[in-house]
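Down below is the structure, laid out as structure tokens.
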There are 2 protein chains.
Amino acid sequence: MSYLRDEISEQPAVFARLLHESGEQVRTAARRIADRAPSLVVFVARGSSDNAATYGRYLVETSLGVPVSSAAPSITGLYRRPPRLADALVVGISQSGQSPDVVGVLDDARRQGALTLAISNDAAAPLASAAELLIEQRSGPERSVAATKTYTTQLVCIALLVAALGQDPVLIEGLGRLPAAARAALCLEGAVARIAHALADQPACLMLARGFNYATALELALKLKELAYVFAEPYSGADFLHGPAALATRELPAVLVGVEGPTQPGLLELSQRLIGAGVRVHTLSDDPALLEAGRAWPSASLADALAGVPEALSPPIAIVPGQLLALHLAARRRGDDLDQPRGLSKVTRTS
Amino acid sequence: MSYLRDEISEQPAVFARLLHESGEQVRTAARRIADRAPSLVVFVARGSSDNAATYGRYLVETSLGVPVSSAAPSITGLYRRPPRLADALVVGISQSGQSPDVVGVLDDARRQGALTLAISNDAAAPLASAAELLIEQRSGPERSVAATKTYTTQLVCIALLVAALGQDPVLIEGLGRLPAAARAALCLEGAVARIAHALADQPACLMLARGFNYATALELALKLKELAYVFAEPYSGADFLHGPAALATRELPAVLVGVEGPTQPGLLELSQRLIGAGVRVHTLSDDPALLEAGRAWPSASLADALAGVPEALSPPIAIVPGQLLALHLAARRRGDDLDQPRGLSKVTRTS
């Protein structure tokens with residue numbers, strides 16, 4: 001057993017607790033943000049939290065129409081030339097709330113008069129003190145070095161806030177389905193184990209997705225790197241065609257995450273093109289055509305898990321089989337402690 | 001011979017022409033932008049042009065203090081929910097000026113009342129017509145599929161504009177040195193050929209940099225992928241420590257691009273840590289300590305090339321040995337036409 005497996009499995013319960021207990025913090029934050037009507041949202045984060053910020057960017061721009069920027073902490077921390085953020089909402093995301101560079105950007109933004117919000121798993125951490133507003137992840141302690149439940153609860157915190165700000169009934173109703181959807185996603189372990197078997201001897205792998213689930217490709221690639229030491233490289237389906245497509249050969253397998261919605265036609269075309277070039281495409285999808293295109297290789301159907309979940313809320317569910325894939329690949333490829341990847345510690349202090 | 005080599009070699013002359021001929025377009029754009037005083041700059045680009053946008057983000061934020069967002073074309077093109085950009089300057093970057101998704105974001109932004117600027121190598125292309133303002137790259141035709149001189153001239157166009165807007169004497173003086181600096185960078189071919197020899201049999205490689213030259217790591221990785229089919233993965237030095245550091249082993253070499261300035265101490269620490277883990281670190285740097293740390297492996301000193309060039313203008317020079325590295329690696333690893341990588345065409349039409 002490992003903390004990693006426990007923490008992946010806890011996600012349905014953790015989502016339910018977060019939905020149940022976060023109401024007041026989310027309402028307070030939404031009220032203050034609506035009063036200020038920021039012209040820009042800036043996310044500040046590192047690692048898995050930065051992948052959560054990528055999801056936040058798609059959700060904020062499509063649901064609220066407010067442009068989103070992603071802060072480069074070095075511009076404040078190293079070059080000491082922070083941009084003007086007085087009219088912005090600046091959102092720091094960090095499980096531990098300890099990362100000095102993320103805290104530094106929040107401190108500076110608050111001094112400038114920006115509205116600041118922390119999304120963190122630790123209400124007593126420096127990030128929570130630095131920000132005016134706080135939404136706690138309420139995920140309980142995470143003991144595995146690799147973030148799993150604290151990544152997905154960051155997505156859910158962002159979705160709760162955007163749903164409250166936009167008063168969007170589709171998001172509000174969909175949020176209530178996430179605990180059950182996460183339970184259904186955990187049932188994909190058998191299918192995912194077959195993908196892990198197929199990938200076990202591969203040193204490298206492409207991760208492809210687009211739109212909301214581009215964040216899923218980023219996070220899945222990070223999990224495969226840190227847990228299974230697979231050189232997994234993530235691409236948006238569109239960016240992939242601008243250069244990296246030269247890498248597509250039968251020696252380099254791909255995992256494609258595709259969810260029904262506006263990105264489906266482009267991803268189907270990409271999948272067919274890769275398969276035509278001899279690439280083995282493992283598909284994680286609720287879309288019959290995408291699953292049919294990749295039927296020659298082990299894949300996992302997200303149809304049950306995503307039933308009733310709008311595309312905009314699919315990322316915290318679609319990553320769950322990806323976490324299990326990383327777990328299985330790590331178990332096959334490594335003999336050591338799954339909770340302690342080489343070269344990493346739980347809190348990374350960069351500046 | 002190849003167009004690729006010719007186009008890399010042309011860069012000193014192309015920089016000189018651009019500096020000489022772009023004055024009026026740059027002044028017109030700077031005047032209009034200063035009048036509007038945008039609260040946000042949004043870059044829209046794909047592939048190498050998106051790496052130029054990454055440079056633009058660092059330069060605009062540090063020099064002008066205006067926050068920068070990078071548009072996800074799918075939010076306008078596929079989800080049809082573009083964010084509100086009326087107060088923004090929206091900059092589309094595309095060598096060909098043909099990419100429908102980039103043009104679509106500019107069209108929409110202009111309808112919303114945003115000020116729009118095209119940076120393109122083709123003044124007759126749809127992107128140039130879509131935008132109110134134009135800065136031409138004046139690079140002449142690029143026949144190789146891999147962008148070289150059209151990447152660096154995009155950087156120079158951005159720097160010319162920011163220098164004019166900020167009336168920054170360091171940038172203005174430094175720009176005049178770029179043609180000579182590019183000539184000196186071309187003299188690194190011998191050193192780079194030794195790095196290519198060392199990397200010739202490696203299927204994968206890490207690319208590390210930080211700050212302004214994070215764009216250099218991104219672009220160098222893209223060149224190695226599309227030209228040499230090397231699975232090269234770029235990281236900011238800080239992001240690398242948040243997860244991907246687990247990949248660091250003696251089997252995976254690294255190329256580290258480090259330029260004197262505020263990022264140097266962190267990069268030196270990273271280099272020493274990687275070397276301690278057994279990683280072969282090939283260093284492209286003008287910094288004696290970074291070069292000394294990596295002295296056990298072939299490296300290239302940028303000291304002559306970057307003499308008198310401020311860090312903020314180093315990216316169009318630091319990528320030149322990277323382009324030569326990709327050329328040499330491609331020649332060693334491929335027998336086919338260097339100007340035509342598999343699976344790619346010069347204009348990629350994504351939506």
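The values are calculated or read from the model by the stated rules, or taken from the named source; none is laboratory data. The structure presented is a predicted model; accordingly, all values stated were derived computationally and were not measured. Cβ sites come from the backbone with ideal geometry, for glycine too, and all protein chains shown count toward neighbours. When the accessible area is computed, the model is the full protein with side chains, heavy atoms only, and any ligands, DNA or RNA have been set aside. Shrake-Rupley method; radii C 1.70, N 1.55, O 1.52, S 1.80 Å.
Of interest is the spacing of the C-alpha centroids, which for region B:166-228 and region A:51-91 amounts to 28 Å.
Short to long, the 5 Å bins of the Cα pair-distance histogram for region A:71-202 hold 2, 10, 15, 16, 17, 13, 11, 8, 6, 3, 0 percent of all pairs. Placing a label point 7 Å from the Cα of B:S345 along the Cα-to-Cβ direction, the residues of region B:213-242 with a backbone N closer than 20 Å are B:226-227.
Taken over region A:34-99, the ratio of Cα radius of gyration to 2.2 N^0.38 Å equals 1.12. Each label was represented as a point 7 Å from its Cα along the Cα-to-Cβ direction; for B:Q112 and A:S2 these points are 4.3 nm apart.
Size estimate for region A:1-125 follows the Kirkwood approach: the inverse of mean 1/r over distinct Cα pairs works out to 15.6 Å. Restricting the calculation to Cα atoms, region B:242-305 shows an Rg/Rh of 0.96 when the hydrodynamic-style radius is the Kirkwood one.
How charged is the neighbourhood of B:L270? Take every other residue with its Cβ under 12 Å from the Cβ of B:L270, and add Lys/Arg as +1 and Asp/Glu as -1. Display every interim value, and only then the final one.
Working: positive: B:R210, B:R273; negative: B:D239, B:E269.
Once positives and negatives cancel, what remains is 0.
The angle between the Cα long axis of helix B:23-36 and the main principal axis of chain B comes to about 70°, on a 0 to 90 degree scale.
Distance between the C-alpha centres of region B:296-330 and region A:92-123: 36 Å, rounded to the whole angstrom. With the biggest extent put first, the Cα atoms of the protein assembly as shown measure 63, 54, 46 Å across the principal axes. Model label points for B:E24 and B:E269, set 7 angstrom from Cα along the Cα-to-Cβ axis, are 5.2 nm apart. Computed on region B:111-166, with alpha-carbon pairs under 8 angstrom and 6+ residues apart, the relative contact order is 28 percent. Note: chain B, Cα convex hull, 124 Å³ per residue.
For chain A, give the percent of accessible area contributed by carbon and sulfur heavy atoms, probe 1.4 Å, rounded to a whole number.
On the way: 5710 of 11480 Å².
Percent of accessible area from carbon and sulfur atoms in chain A: 50.
Across chain A, Cα pairs under 8 Å and at least six residues apart give a relative contact order of 20 percent.
Tell me: how much accessible area in total is hidden between B and A, 1.4 Å probe, Å², nearest 100? Interface between B and A: roughly 5400 Å². Counting only protein heavy atoms and a 1.4 Å probe, the protein assembly as shown has 33 square angstrom of accessible area per residue.
Axis of helix A:214-228 versus longest Cα principal axis of chain A: the two differ by about 70°, to the nearest ten degrees. For helix A:11-21, report the angle its Cα long axis makes with the longest principal axis of the Cα atoms of chain A; keep it between 0 and 90° and round to the nearest 10°. Tilt of helix A:11-21: around 20 degrees. Mean separation of Cα pairs under 8 Å and 6+ residues apart, divided by the residue count of region A:23-147: what relative contact order is that in percent? RCO, region A:23-147: 24 percent. Using +1 at the Cβ of each Lys and Arg and -1 at the Cβ of each Asp and Glu in region A:224-351, identify which of A:P341, A:V259, A:A289 lies farthest towards the dipole's positive end. Highest projection toward the positive end goes to A:P341.
Lysine pair count for the protein assembly as shown with Cα-Cα distance under 21 Å and sequence separation of 8 or more or different chains is 11. Per-residue mean of foreign Cβ neighbours for A:245-251 is 5 (Cβ atoms of other chains, 10 Å radius).
Taking the chain by itself as reference, region A:66-99 contains these residues with an accessible-area loss of 50 Å² or more in the full protein complex (1.4 Å probe, heavy atoms): A:P67, A:I75, A:L78, A:Y79, A:R81, A:P83, A:R84.
Using Stokes-Einstein with the Kirkwood hydrodynamic radius over Cα pairs, what translational diffusion coefficient do you get for region A:178-332 at 10 °C and a viscosity of 1.306 mPa s, in µm²/s rounded to a whole number?
Answer, rounded: 106 µm²/s.
Sparsely packed loop sites in region B:105-161 (the GluC sites (Glu not before Pro) outside DSSP H, G, I, E and B with at most 16 other Cβ atoms within 10 Å) comprise B:E132. When the trypsin sites (Lys or Arg not before Pro) in region A:100-152 are filtered for DSSP coil states and for at most 15 other beta-carbon atoms within 10 Å of their beta-carbon, the remaining sites are A:R143.
A helix-only calculation puts chain A at -15500 deg cm²/dmol for mean residue ellipticity at 222 nm, using -39500 (n - 2.57) for each DSSP H run of at least four residues, averaged over all residues.
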